[in-house]
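Working notes, beginning with the structure itself.
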Amino acid sequence: MRIELQHISKSFRHNGHAVDVLQDINLAVEPGEFVCLLGPTGCGKSTILNLVAGLDAPDAGTVLVDGTPVTGPGPRRVVVFQDAALFPWLTVLGNVEFGLRMANVPKQERRVAAMAYIKLVHLSKFAHAYPHQLSGGMRQRVAIARGLVMQPDILLMDEPFGALDAQTRAVLQEELLEIWRKTGCSVLFVTHSVREAIGLADRVYVLSARPARIRDVERIDVPRPRHADHPALAQAQQKILQSLAEEIEKVLRDELGESVRYPEGTQRVAADRSLGMHI
Amino acid sequence: MQRVVWYRVAFFASLLLGWQALYLLRVWPDFLFPSPQSVAAMLVHSLRDGTLVRALGVSLTRLVIGYGMSLAIGLPLGLLTGSIRWLHQTIGALLLGLQTLPSICWLPLALLWFGLNERAIIFVVVMGAVLSISLSAEDGVQHTPRQQIRAAKNMGASGWRLYLQVMLPAALPGIVTGMKLGWSFAWRALMAGELLYGHVGLGHLLMMGRELNDMSQVIAVMAVIVALGLLVDRMAFAPLERRVRERWGTGTL
């Protein structure tokens, strides 16, 4: 499945004012490609995912899936939300089965399919547990299995590992790459961590502060598994950090006033820290 | 845990002892300040001769009918006002306004409409419970986590199935809270109604005690009312609410 966004603009009403969120966004995700959207928090990255998912409609421009405009949600484009958004009244199995139930798949069949994907994310032992009994990382695994069981052409991931500790995060990143390789679906992955983006993606779109525009596209041609000290990665990271730094400063100045000034040469953006924390 | 139990036992035992001591001081006459024993004896007596059992039966029947009707009316009403915007803005606002009216204020109206009979009392009970039940259900529906709805839509849920399989279960913590609130409001409304217009029932028994100048009976009936309220809360609603809260996570409440 090829996803293409053409000249997308979007604004929201906030306290009676129209706030431009996206401005003339053009991007594409090729079949089987892993693409990251990187940008300051609040810049509208999640809005892009919602548009692709069909949960939201653009003010201008079109979202094309294999050349056909998107008019609503479809089970081939599955979102994995930041907070997992599991249904607390259903077990792990019930959550993973949910989409198949909505598609009227017979009970036996959907059970078998759900268990297969639960196994894929290593949660077989917890198939009958409820979300409140799981850790944050496990919940995110359930959310991934719940998406994958729909056999999507594209996984839309909205900072899925943002709330996890570094250890769990690293493990899940590896597993996600493994799943991506096995299933062959494309991934559109929103993050505000530069390191996460260059560790995962084939291409990284760098977005500007609100209203979001595409600032840069960085292709990362490094075979996986990747090591952070690979020279090409270091180079890509430096380049991305530079273009992000200007955007971060813009956001800070916006929020804190004109007095924010950084001495020349200070590192304004930490590669492995969330860019969103201070904003 | 053990410690808490002991504290409680010690506290209530000393409360009883204090009562007995105060009684022995004879500050007030017997008929105003009875001893614990005479209250206990009154309790046993009225259990034996059937008056208490009959009153309990009548009150509980009214309560169950009134509360049942409140659920049958309040839950659908709250789900509707919670889901449909213009209903929320019209009927929802009306319900919110009416809730400020103590339910016993409906008694004069009920007596004129229905006359001096069971229906009037049950009407007061329903007016006491139905509003909090429907307002809580409305609140529950409106506070369904948005991400859960988005996730459900993303996975192909829409229309009735979205409502029945996602909105409704997501609203359950609010609904259970409303059911519990509704029960205690129904209980209060019933007692108020029976006191003012008594025909059998616990409230009537309470008034009888007053008319006979029998403080033992008054206190005995009050104790029964407290015990019954506690029992239902502890046996039915508290475990239900705890289970729902635990599973749903307090965050969604």
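Quick notes
- If you go through the range A:28-83 and keep only what is away from chain B (no Cβ under 14 Å), more than 16 Å from A:GLU4 (Cα to Cα) and in contact with a Gly (Cβ under 9 Å, 6 or more places away or on another chain), you end up with A:PRO40, A:THR41, A:GLY42.
- Residues in the range A:98-123 that are touching a helix residue (DSSP H, G or I) at 6+ places or on another chain (Cβ under 6 Å) and either in a helix (DSSP H, G or I) or touching a residue at least 60 places away in the same chain (Cβ under 8 Å) (or both): A:LEU100, A:ARG110, A:ALA114, A:TYR117, A:ILE118.
- The range A:140-166 - residue that is away from every other protein chain (no Cβ under 13 Å) and among the acidic types (Asp, Glu) and, of those, nearest to the chain's Cα centre (by Cα): A:ASP153
- Just one of the listed residues (A:ALA170, A:ALA197) is surrounded by 23 or more Cβ atoms within 10 Å (Cβ to Cβ) and either on the phi < 0 side of the Ramachandran plot or without any contact (Cβ under 8 Å) to a residue 40 or more places away in the chain (or both), namely A:ALA197.
This table checks each residue for (1) within 14 Å of chain A (Cβ to nearest Cβ); (2) farther than 30 Å from B:LEU205 by Cβ.
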{"site": "B:GLY74", "(1), (2)": "no, no"}
{"site": "B:GLY82", "(1), (2)": "no, yes"}
{"site": "B:THR100", "(1), (2)": "no, yes"}
{"site": "B:ILE104", "(1), (2)": "no, no"}
{"site": "B:ALA151", "(1), (2)": "yes, yes"}
{"site": "B:MET155", "(1), (2)": "yes, yes"}
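- Restricting B:VAL124, B:VAL130 to residues that are closer than 30 Å to B:ALA170 by Cα, of a type in the set (A, V, I, L, M) and within 23 Å of the chain's Cα centre (by Cα) narrows the list to B:VAL130.
- Tally, over the range B:35-82, of residues that are within 25 Å of the chain's Cα centre (by Cα), exposed (fewer than 15 other Cβ atoms within 10 Å of the Cβ) and β-branched (Val, Ile, Thr): 3
- Pair list, Cβ under 6 Å, 6 or more apart: the range B:121-142 residue basic (Lys, Arg), other residue crowded, with 24+ Cβ neighbours inside 10 Å and modelled with pLDDT under 95: none
- Matching residues, the range B:122-167, being at positive phi and assigned to a helix (DSSP H, G or I): B:GLY159
- Scanning the range A:127-137 for residues that are surrounded by fewer than 20 Cβ atoms within 10 Å (Cβ to Cβ) and either within 14 Å of chain B (Cβ to nearest Cβ) or part of a helix (DSSP H, G or I) (or both) yields A:HIS128, A:ALA129, A:HIS132, A:GLN133, A:LEU134, A:SER135, A:GLY136, A:GLY137.
- Residue check for B:VAL4: of a type in the set (Val, Ile, Thr) and surrounded by 11 or more Cβ atoms within 10 Å (Cβ to Cβ): no
- Of all the residues in the range A:199-239, those that are among the hydrophobic types (A, V, I, L, M, F, W, C) and closer than 18 Å to A:ASP20 by Cβ number 4.
- Tabulated pairs, the range B:39-51, first farther than 16 Å from B:LEU212 by Cβ, second exposed (fewer than 15 other Cβ atoms within 10 Å of the Cβ), C-beta under 7 angstrom, 6+ apart or interchain: B:LEU47/B:VAL53
The values are calculated or read from the model by the stated rules, or taken from the named source; none is laboratory data. Since the model is a prediction, treat every value here as computed from it, not as a measurement. For neighbour counting, all protein chains shown are included, and Cβ atoms are generated from backbone atoms with ideal geometry for every residue, glycine included.
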